[in-house]
Amino acid sequence: MRFRYRFAYYLVGFTLGLFFVTAVFIGKDTRCNYFPNARVLNNLRTKPFEFSDQAIAQMKQCQVDSTDIKNSLTYGDVDFDQSNIPVEKGGKKYIIEGRNAQQQKITLEVINFETRAVLARVTKP
């Protein structure tokens, strides 16, 4: 069998395979979070998110709003050297470096519990 015929059969099979794969995964909420940074941020985004009183005061002082927090939890970087530290009451502390609407750096300290995530502090370095 010639190469072009084999290639044509391959393309037909490949196209049918793509069709079936997309038909299975369309409409499902599937994510491919393989890297640790993406996994931690996804975990924090999917839980109910709360703000501590100290964080609310610091947000007003640093001119940071909830949209900046949400964007940092989506596009930010987790500092693993200072993160994944157990704290009291069964949570773990994560330090997330992000940016606000004016593209200034902000640092979030988030306590990750089993059922919720709490923003503990917001700082501008």
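The values are calculated or read from the model by the stated rules, or taken from the named source; none is laboratory data. The structure displayed is predicted, hence computed values, not measured ones. Backbone-built Cβ (ideal geometry, glycine too); neighbour counts: all protein chains shown. Accessible surface areas use protein heavy atoms only, side chains included; no ligands, DNA or RNA. Shrake-Rupley method; radii C 1.70, N 1.55, O 1.52, S 1.80 Å.
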Checking L11 against (1) at pLDDT 90 or above; (2) open to solvent by 80 Å² or more (accessible area, probe 1.4 Å), which single condition isn't satisfied?
(2)
So which of T22, T30 ends up being farther than 23 Å from P125 by Cβ, of a type in the set (V, I, T) and not in a helix (DSSP H, G or I)?
T30
For the range 92-114, which positions are open to solvent by 20 Å² or more (accessible area, probe 1.4 Å), within 12 Å of S72 (Cα to Cα) and part of a loop (DSSP other than H, G, I, E, B)?
A101, Q103, Q104
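Taking the range 115-125 as the search range and keeping residues that are more than 16 Å from N43 (Cβ to Cβ) and open to solvent by 80 Å² or more (accessible area, probe 1.4 Å), which one is modelled with the lowest pLDDT? Lay out the reasoning, then the answer.
Taking the range 115-125 and keeping what is more than 16 Å from N43 (Cβ to Cβ), we get 120-125.
Checking the rest, the ones that are also open to solvent by 80 Å² or more (accessible area, probe 1.4 Å) come to 121, 125.
Values: R121: 94, P125: 80.
Out of the qualifying residues, it is P125.
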Qualifying position, being in contact (Cβ under 8 Å) with a residue 60 or more places away in the chain, outside any loop (DSSP other than H, G, I, E, B) and among the hydrophobic types (A, V, I, L, M, F, W, C), among L16, L44, L11
L44
Identify all residues within the range 65-86 that are without any contact (Cβ under 8 Å) to a residue 12 or more places away in the chain and either under 17 Å from F113 (Cβ atoms) or part of a strand (DSSP E or B) (or both); write none if there are none.
N84, I85, P86
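Conditions (1) of a type in the set (S, T, Y); (2) modelled with pLDDT under 95; (3) in contact with a Ser or Thr (Cβ under 8 Å, 6 or more places away or on another chain), marked per residue:
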position: Y75; (1), (2), (3): yes, yes, no
position: F80; (1), (2), (3): no, yes, no
position: V87; (1), (2), (3): no, yes, no
position: G90; (1), (2), (3): no, yes, no
position: I96; (1), (2), (3): no, no, yes
position: A101; (1), (2), (3): no, yes, yes
Against the conditions (1) among the charged types (D, E, K, R); (2) in contact with a Phe, Trp or Tyr (Cβ under 9 Å, 6 or more places away or on another chain); (3) exposed (fewer than 11 other Cβ atoms within 10 Å of the Cβ), where does R31 fall short? Just the number, please.
(2)
